[in-house]
Amino acid sequence: MSRARRGGGGAAGENRAGWLFISPWILGFVIFTAGPMVASLVLSFTDYSLVGETHGVGTANYARLVEDPRVAKSLTNTFVYALMFVPLGTVVALALAMLLARVGRAAGFFRTAFYLPEMTPAVAAGALFLLLLNGQTGLVNTVLGWFGITGPNWTTDPAWLKPSLAVVSLWSMGGTVVILLAALANVPRQLQEAALLDGAGPWRRFTNVTLPMISGAVFFAVITNTIAALQMFDQAYTMFYGPQQSSSASEESLVYMVYLFQNAFEFFDMGFASAMAWLLFGIIMIITAIQLKLGNRWVYYEGDRA
């Protein structure tokens with residue numbers, strides 16, 4: 001009986017220690033995540049503006065989401081950008097990961113080199129690419145000119161604004177490269193050897209062996225990159241809505257988070273901005289649920305049985 005009591009006390013002590021260890025995370029989550037989310041939900045039903053009196057407006061802010069044409073325009077721009085960036089970024093990250101997998105001993109150096117851009121502030125990267133993609137004096141068009149190619153006006157031509165954002169966003173794919181490289185390292189070598197003995201070429205080995213074995217990591221990359229694309233703000237604001245560009249910014253560069261920021265901190269329409277935030281939250285949840293549903297059809301897990 002005494003042993004049982006001691007055992008029960010030990011388990012309770014472990015539970016208390018566990019809660020104590022995770023209490024900083026719980027406290028941070030409540031203060032910096034859950035609390036602001038609840039506050040923004042409450043504010044979305046008011047006309048809160050930082051400076052005046054606050055009144056309840058019911059669902060008027062959500063009705064404005066349907067009526068405001070810039071909401072639809074910014075959402076369209078964001079979806080188009082995401083459709084460009086997510087497939088392109090995933091393919092580029094996978095290609096770089098496969099190259100790193102063949103490097104051998106130098107893989108550690110190149111892995112660090114590819115990940116370093118993740119540490120670069122997004123505002124600094126946006127300012128850098130604003131210079132590189134300048135239609136007249138930018139380095140990108142200068143290099144294209146060496147090969148007789150006339151580069152487009154990346155940052156002023158409405159047709160090239162979203163492609164330029166997708167290209168700039170490739171700068172921060174280092175984390176995805178590292179994840180896919182780790183997945184490639186876990187592909188059983190015996191499967192590759194068996195396919196080689198069966199006469200499968202490089203492409204067949206990639207599509208029938210490598211890709212199914214890393215499909216879980218690829219799926220994770222697609223989901224996280226989709227969420228990041230729908231919340232993209234830093235590069236777009238730096239490149240097109242900074243102090244020098246805001247007066248001439250094209251509607252084609254207006255992504256959803258930039259318009260949300262404008263309503264919150266330029267127009268001080270916090271209630272409407274909160275409603276915009278909850279609309280985006282709902283869209284992300286729906287898209288993620290669809291991706292999870294579709295992912296079950298092609299993602300291979302080790303526990304699966306043929």
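The values are calculated or read from the model by the stated rules, or taken from the named source; none is laboratory data. Since this is a predicted model, take the numbers as computed values, not measurements. Here the Cβ is made from the backbone with ideal geometry for all residues, glycine too, and neighbour counts use every protein chain on show.
Can you spot a residue in the stretch 96-103 that is β-branched (Val, Ile, Thr) and closer than 30 Å to Glu266 by Cα? Give the steps one after another, and end with the answer.
Restricting attention to the stretch 96-103, the residues satisfying the condition of being β-branched (Val, Ile, Thr) are 103.
Cutting the leftovers down to closer than 30 Å to Glu266 by Cα gives us none.
Scanning the stretch 96-103 turns up no residue that is β-branched (Val, Ile, Thr) and closer than 30 Å to Glu266 by Cα.
For Met239, are the conditions met, namely being within 23 Å of the chain's Cα centre (by Cα), assigned to a loop (DSSP other than H, G, I, E, B) and among the hydrophobic types (A, V, I, L, M, F, W, C)? Walk me through how you get there before you give the answer.
Details: within 23 Å of the chain's Cα centre (by Cα): yes; assigned to a loop (DSSP other than H, G, I, E, B): no; among the hydrophobic types (A, V, I, L, M, F, W, C): yes.
No; evaluated as a whole, the condition is false for this residue.
Given the criteria in a helix (DSSP H, G or I), within 17 Å of the chain's Cα centre (by Cα), at pLDDT 90 or above and hydrophobic (A, V, I, L, M, F, W, C), does Ala277 qualify?
Values: in a helix (DSSP H, G or I): yes; within 17 Å of the chain's Cα centre (by Cα): yes; at pLDDT 90 or above: yes; hydrophobic (A, V, I, L, M, F, W, C): yes.
Yes: the conditions hold for Ala277.
Tell me which residues, restricted to the stretch 90-103, are surrounded by 14 or more Cβ atoms within 10 Å (Cβ to Cβ) and either among the polar types (S, T, N, Q) or within 17 Å of Ser215 (Cα to Cα) (or both). Let's see the steps before the verdict.
Our first condition is that a residue be surrounded by 14 or more Cβ atoms within 10 Å (Cβ to Cβ); within the stretch 90-103, this holds for 90, 92-94, 96-101.
Once the filter is applied, which keeps residues that are surrounded by 14 or more Cβ atoms within 10 Å (Cβ to Cβ) and either among the polar types (S, T, N, Q) or within 17 Å of Ser215 (Cα to Cα) (or both), the stretch 90-103 yields Thr90, Val92, Ala93, Leu94, Leu96, Ala97, Met98, Ala101.
Say we look at the stretch 29-78 and pick out the residues that are among the hydroxyl-bearing types (Ser, Thr, Tyr) and surrounded by fewer than 12 Cβ atoms within 10 Å (Cβ to Cβ); which of these is farthest from Phe240 (Cα to Cα)?
So the first thing to find is which residues in the stretch 29-78 are among the hydroxyl-bearing types (Ser, Thr, Tyr), and the list is 33, 40, 44, 46, 48-49, 54, 59, 62, 74, 76, 78.
Retained after the next criterion (residues that are surrounded by fewer than 12 Cβ atoms within 10 Å (Cβ to Cβ)): 33, 59.
Details: Thr33: 29, Thr59: 32 Å.
Only one residue tops the list, namely Thr59.
Provide a single number: the residues in the stretch 104-162 that are assigned to a loop (DSSP other than H, G, I, E, B), among the β-branched types (Val, Ile, Thr) and surrounded by 15 or more Cβ atoms within 10 Å (Cβ to Cβ). Working first, answer last.
Residues of the stretch 104-162 assigned to a loop (DSSP other than H, G, I, E, B): 120-121, 133-138, 147-157.
Then drop every residue that is not among the β-branched types (Val, Ile, Thr), which leaves 120, 137, 149-150, 155-156.
Add one more test, that the residue is surrounded by 15 or more Cβ atoms within 10 Å (Cβ to Cβ), and what stays is 155-156.
Selection size over the stretch 104-162: 2.
Please work out if Asp47 is in contact with a Gly (Cβ under 9 Å, 6 or more places away or on another chain) and on the phi < 0 side of the Ramachandran plot. I'd like the intermediate steps shown before the answer.
On the way: in contact with a Gly (Cβ under 9 Å, 6 or more places away or on another chain): yes; on the phi < 0 side of the Ramachandran plot: yes.
Taking the combined requirement at face value, the residue satisfies it.
Conditions (1) under 30 Å from Ser253 (Cα atoms); (2) free of Cβ contacts under 8 Å to residues at least 12 places away in the same chain; (3) touching a Cys at 6+ places or on another chain (Cβ under 9 Å), marked per residue:
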{"residue": "Phe129", "(1), (2), (3)": "yes, no, no"}
{"residue": "Leu165", "(1), (2), (3)": "yes, no, no"}
{"residue": "Val187", "(1), (2), (3)": "no, no, no"}
{"residue": "Leu191", "(1), (2), (3)": "no, no, no"}
{"residue": "Arg204", "(1), (2), (3)": "no, yes, no"}
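Residue by residue through the stretch 196-221, note down the ones that are touching a Gly at 6+ places or on another chain (Cβ under 9 Å), surrounded by 18 or more Cβ atoms within 10 Å (Cβ to Cβ) and more than 10 Å from Ala93 (Cβ to Cβ).
Matches in the stretch 196-221: Phe219 only.
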